[in-house]
Amino acid sequence: MKCLKCGHTMRSGRENIPDNDLPSVILTGVTVNRCPNCGAWEVEIPHHTDLTKELASIVISKPGRLSREEIRYLRSCLFDNAAEFAQVIGHDASTVSRWENGQQKIGRHAELLLRLMVAHEKRIPAYPITKLKDVAIENTRDPATVRVTFDGERWVAASAQPARKPLMRARQRTATAKQRRARG
């Protein structure tokens, strides 16, 4: 193999080198080609996709919180950039950037979501975040009424509507509110 910088023949050998993305990981016995003339070197990583999956599996399974490097690594397994990931999970791109740079700790739920997405090798399509934010604000636990129809090939859900509250529950709430006002 010829050196791309100076054209001299490179020498190959097996070495242990740290992974570029996860500095706490040492890749053992990989082929490294070094130029004796100019000092340039390159690493041969066979089956790179398998290595990525193996490292991701180790990172998502580790106990304790993720480091900034691990957050960036897992995110890069599924998303090309932080902005794309941020949109999917409903955060601002600058927040994800702060997680990846160690300026802010990632929230527990965001970390669990990231781990689960990588575990299932699924990029969750961007949700209609505005709808999800409204759902989280609502203070009701009433079930939604949904009509689901099989069209011969697949199940299709019609738009969900909040269930009607039984008249008795509404009367009980009104009576409770009146009792509070009478006490207060």
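The values are calculated or read from the model by the stated rules, or taken from the named source; none is laboratory data. Quick caveat, the model's predicted, so the values are computed rather than measured. Cβ: placed from backbone, ideal geometry, glycine included. Neighbour counts: every protein chain shown.
The figures follow:
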| quantity | calculated |
| --- | --- |
| Matching residues in region 31-54 - criterion: being of a type in the set (S, T, N, Q) and free of Cβ contacts under 8 Å to residues at least 12 places away in the same chain | Thr49 |
| In region 13-26, the residues that are surrounded by 12 or more Cβ atoms within 10 Å (Cβ to Cβ) and assigned to a strand (DSSP E or B) | Glu15, Ile17 |
| Exclusive hit being in the same structural domain as Asn101 (by TED's automatic domain parsing) and surrounded by 13 or more Cβ atoms within 10 Å (Cβ to Cβ), set Leu78, Leu51, Leu55 | Leu78 |
| Flag if Phe85 is touching a residue at least 40 places away in the same chain (Cβ under 8 Å) and surrounded by 14 or more Cβ atoms within 10 Å (Cβ to Cβ) | no |
